[in-house]
Amino acid sequence: MKIYHEDITVKTNKGIHLHDISDHVKVIIKASGIKNGFITVNSKHTTTAITINEFESRLTDDVRLFFHKLIPENDKYLHNDIHLRDCPQDEPENAHSHLASMLLGNTESIILQEGKMQLGKWQSIILIELDGSRDRTVGVQVMGV
Amino acid sequence: MKIYHEDITVKTNKGIHLHDISDHVKVIIKASGIKNGFITVNSKHTTTAITINEFESRLTDDVRLFFHKLIPENDKYLHNDIHLRDCPQDEPENAHSHLASMLLGNTESIILQEGKMQLGKWQSIILIELDGSRDRTVGVQVMGV
Amino acid sequence: MKIYHEDITVKTNKGIHLHDISDHVKVIIKASGIKNGFITVNSKHTTTAITINEFESRLTDDVRLFFHKLIPENDKYLHNDIHLRDCPQDEPENAHSHLASMLLGNTESIILQEGKMQLGKWQSIILIELDGSRDRTVGVQVMGV
């Protein structure tokens, strides 16, 4: 059994923004030489998410609009009382980003067969920036034979 | 180490509907001959979800009603402007289904010990159809010894 | 390849409450002797969740307040008509807890490298109690070399 790991770095856009990282993951699978097993994808941040869905430009805007409505940035959140927290006083007010991150999740596991991820025709692996712009890191591990 | 893979096919019901696929997964575990390791479950669609929860008939209706309220089908979504997209013009208007799919997630990993999934008494593996009815495919992989 | 498994038991607090279980998981990783591979975390309950996010005390209160608003406990849910269900008549009225559990998810997979989980600086593994207080069990498996 082999284990292969690489990090992907993504320079994200402002606010809520979706980034298709499928091609990055495919390059890592090829570099691993592993044909059968599975892939673990972990975003290393608390204000991002990893989702597997259709990467269609109008839908990515729907995601942005939906989360603005579901978890309004300007609502009152305790986490945003920076002056009451023991932290650098220039921390961003991003409680809404943390909540969206929890709802969407930051890890995915994907079946690998004969060198190909077993995803459906319309499925892409998407990094969702929820508090951009930033440099973000996504760990990708391939494990198998 | 062994790897065993099978697809489950489910003919789903109309609209939002929950399907218990636990027994399908158990048959695949038995066929694999693997006793210890883990199971990866991936739905191959962008308007479905996989969840692990209680399969109780009244709760499955609560799920349907909750998502109708949280992400109303008839709200305005950019993805539903089919005429502005470069796609077949008979595509379904299902942005609400994509958003629910992202919130719920499409992958699960489950610990396998002595031939049994380490799930709690009330936990079932559930395929949630969010834009039915359709023929849906769920990939199930068992990996271990 | 080695597989190591342990259950974590957590006595949770009342209502919605977050419990950082990162240190429990680290102890299990050390006990496993496994350096490279991955960790599977499964909560065995249908009214809990596992999330990976920042464990900051004011944010944990935001989570509680957010879910009270998103899925109000006192709304009408079919699952709460205990008298119409074939179950013990002292079952709790907790449909809101099940719905939150589905949105947040109950499983996580985490990359392990050189004996360390590949989590970001602010990421903790958090058990979210959604219908406490109870004794809760979380399965943790380490698999690798």
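The values are calculated or read from the model by the stated rules, or taken from the named source; none is laboratory data. Since the model is a prediction, treat every value here as computed from it, not as a measurement. Every residue, glycine as well, gets a Cβ built from its backbone with ideal geometry; the counts of neighbours run over all protein chains shown. These accessible areas exclude ligands, DNA and RNA; they are computed on the full protein's heavy atoms, side chains included. Shrake-Rupley method; radii C 1.70, N 1.55, O 1.52, S 1.80 Å.
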18 Å Cα-Cα threshold exceeded, pairs from B:Lys2/C:Lys44; B:Lys2/B:Lys30; C:Lys2/C:Lys121; B:Lys35/C:Lys116; A:Lys2/C:Lys2:
B:Lys2/C:Lys44; C:Lys2/C:Lys121; B:Lys35/C:Lys116
Mind checking the mean number of beta-carbon atoms from other chains within 10 Å of the Cβ atoms in C:113-120?
4
Only Lys, Arg (+1) and Asp, Glu (-1) charged, at Cβ; the protein assembly as shown dipole about Cα centre in debye
1440
How big is the accessible area of C:His24 in square angstrom, nearest 10, if you roll a 1.4 angstrom probe over the protein chains?
90
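Counting GluC sites (Glu not before Pro) as exposed when in a DSSP loop with at most 14 other beta carbons within 10 Å, what is the longest stretch of chain A free of them?
A:1-92
With a ≥ b ≥ c taken as the square roots of the eigenvalues of the C-alpha gyration tensor of the protein assembly as shown, please select rounded if a/c is under 1.5 and otherwise prolate if a/b is larger than b/c or oblate if it is not? Display every interim value, and only then the final one.
On the way: a/c = 1.11, a/b = 1.10, b/c = 1.00.
Rounded shape, in that the Cα axes give a/c under 1.5.
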A:Val27 label points, 7 Å along Cα→Cβ, one per copy: pairwise distances from this copy to the rest in nm, shortest first?
4.2, 4.2
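With n ≥ 4 as the cut-off for DSSP H runs, can you work out [θ] at 222 nm for chain C, using -39500 (n - 2.57) per run divided by the number of residues, rounded to the nearest 500? Numbers along the way, then the final one.
Working: 3 runs with 35 residues, N = 145.
-7500 deg cm²/dmol, from helical runs alone.
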Value in Å of the Kirkwood radius, where the range A:16-127 supplies the Cα pairs that are averaged:
16.0
Positive-pole candidate from A:Ser22, A:Thr51, A:Thr40, dipole of the range A:1-61, charges at beta carbon
A:Thr40
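Based only on Cα atoms, what mean projected area does the convex hull of the range A:84-145 have, in nm²? All intermediate terms of the calculation are to be shown ahead of the outcome.
Details: hull surface 27.1 nm².
Hull-based average projected area comes out at 6.8 nm².
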Rounded accessible area of A:Leu59 (nearest 10 Å², 1.4 Å probe)
0
What distance in nm lies between label points placed 7 Å from Cα along the C-beta direction at A:Gln89 and C:Ala31?
4.5
Determine the distance separating the Cα centre of the range C:115-138 from the Cα centre of the range A:80-145; give it in Å without decimals.
17
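Could you state, as a whole-number percent, how many of the C-alpha pairs of the range A:1-74 are farther apart than 14 Å? List each step's numbers first, then the result.
On the way: 1857 of 2701 pairs.
That tail contains 69 percent of the Cα-Cα pairs.
Could you please state how large a percent of the accessible area of the protein assembly as shown is carbon and sulfur, counting protein chains only and using a 1.4 Å probe? Working shown, then result.
Values: 8380 of 17930 Å².
Roughly 47 percent of what the probe reaches on the protein assembly as shown is carbon or sulfur.
For the pair B and A, how large is the buried accessible area, both sides, in square angstrom to the nearest 100, if the probe is 1.4 Å?
Numbers: alone 8710 and 8700 Å², together 14630 Å².
About 2800 Å² of accessible surface is lost on pairing.
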Rounded accessible area of A:Ile71 (nearest 10 Å², 1.4 Å probe):
0
The range A:35-86: C-alpha pair distances exceeding 17 Å, %:
62
List the distances, in nm to one decimal, from the label point of C:Gln113 to the label points of the same position in every other copy, shortest first, placing each label point 7 Å from Cα along the Cα-to-Cβ direction.
2.9, 2.9
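Over all residues in C:43-51, what is the mean tally of Cβ atoms on other chains that come within 10 Å of each residue's Cβ?
Working: counts 4, 8, 8, 13, 3, 1, 1, 2, 8.
Across C:43-51, the average partner-chain Cβ count within 10 Å equals 5.
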Relative to the longest principal Cα axis of chain B, at what angle does helix B:22-32 sit, 0 to 90 degrees, rounded to 10?
40
